[in-house]
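Everything on this sheet refers to the single structure shown next.
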Amino acid sequence: QHQPIIAIDGPAGAGKSTVTRRVAEQLGLLYLDTGAMYRAVTWLVMQAKIPIEDQAKIGDLIKEVQLDLIPADSPELPTKVLINGQDVTQAIRTPEVTSQVSAIAAQAAVRQELVRLQKYFGARGGVIAEGRDIGTNVFPDAELKIFLTATVAERARRRTQDLKNLGHQSVDIEQLAQEIQKRDEQDSNRVIAPLKKADDAIEIITDGLTIEQVTQQIIDLYWRRK
Ligand code: C5P
């Protein structure tokens, strides 16, 4: 018995994680954070001091990798991520990992292995997966596809607020906007499975909408799907 799949794609900082976790909780679906998987591999590559451009070495590393995703107890918390048994839930969110992840995620060997795992996690359905290529590539037959975006200015503003909430005093919103734009460009222009709205995805532009409003929109779309 195949349960439905929801695919949530979109650029960095559009609020995908927050909204996806809430929809998951409300619909009783498993939350799959695919970005966390690319981040964990990036962390491992950096930890092993392998140069980002050494695709052969990274290809060898990925063949041996053990990746565990453990659902959090609350939708307020991120999925617990273990790579080769080590808890990297916090470590994968540093600016260093964030600045390198797009270069790792562009590599064929990395994508091949992580997409294989994602398909395996979603094989029985009942999943809401968040990423860049979920609707186009990982789950092209998903029952509902959402493309979640916001203007760069709005995304930078939200990131700034998040960082301030975490206790960071001086945040340069201009620099954040540039970093967000750079990552979007890298993710949109790569050769394999670039960030792109699937033809049958519904676009939600979240400027001016609350988390609750976006969550509810997706839930309404889910119940009204064909
Ligand atoms: O969503 P998050 O910001 O955690 O994603 C981190 C990075 O992982 C993205 O910028 C992108 O390079 C990569 N990614 C990807 N495909 C996905 C999910 C994430 O290439 N499905």
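The values are calculated or read from the model by the stated rules, or taken from the named source; none is laboratory data. Predicted model only: the values in this text are computed from it and were never measured. Backbone-built Cβ (ideal geometry, glycine too); neighbour counts: all protein chains shown. For the accessible areas, the whole protein counts, side chains as well, though only heavy atoms, and no ligand, DNA or RNA atoms are used. Shrake-Rupley method; radii C 1.70, N 1.55, O 1.52, S 1.80 Å.
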For this session: Tell me which residues, restricted to the stretch 173-194, are within 11 Å of the ligand (Cβ to nearest atom), hydrophobic (A, V, I, L, M, F, W, C) and within 30 Å of G125 (Cβ to Cβ).
Result: I192, A193
Problem set entry | Selection count, the stretch 189-226, where residues are over 19 Å from the mean Cα position of the chain (by Cα) and on the phi < 0 side of the Ramachandran plot | 17
Seminar exercise, completed: Screening Q118, Q112 for residues that are modelled with pLDDT of 95 or more, open to solvent by 40 Å² or more (accessible area, probe 1.4 Å) and closer than 30 Å to D200 by Cβ leaves only Q112
Exercise. Within the bounds of the stretch 37-50, is there any residue that is in a loop (DSSP other than H, G, I, E, B), touching a residue at least 12 places away in the same chain (Cβ under 8 Å) and buried (at least 17 other Cβ atoms within 10 Å of the Cβ)?
Worked result: no
Exercise. In the stretch 88-105, which residue that is within 9 Å of the ligand (Cβ to nearest atom) and not basic (K, R) is surrounded by the most Cβ atoms within 10 Å (Cβ to Cβ)?
Worked result: A105
Exercise. Can you name the number of the only condition in (1) farther than 28 Å from Q118 by Cβ; (2) within 16 Å of the ligand (Cβ to nearest atom); (3) not hydrophobic (A, V, I, L, M, F, W, C) that S170 fails?
Worked result: (2)
Exercise. Any idea which residue in the stretch 51-87 is surrounded by the most Cβ atoms within 10 Å (Cβ to Cβ), counting only those that are within 14 Å of the ligand (Cβ to nearest atom) and in a loop (DSSP other than H, G, I, E, B)?
Worked result: T79
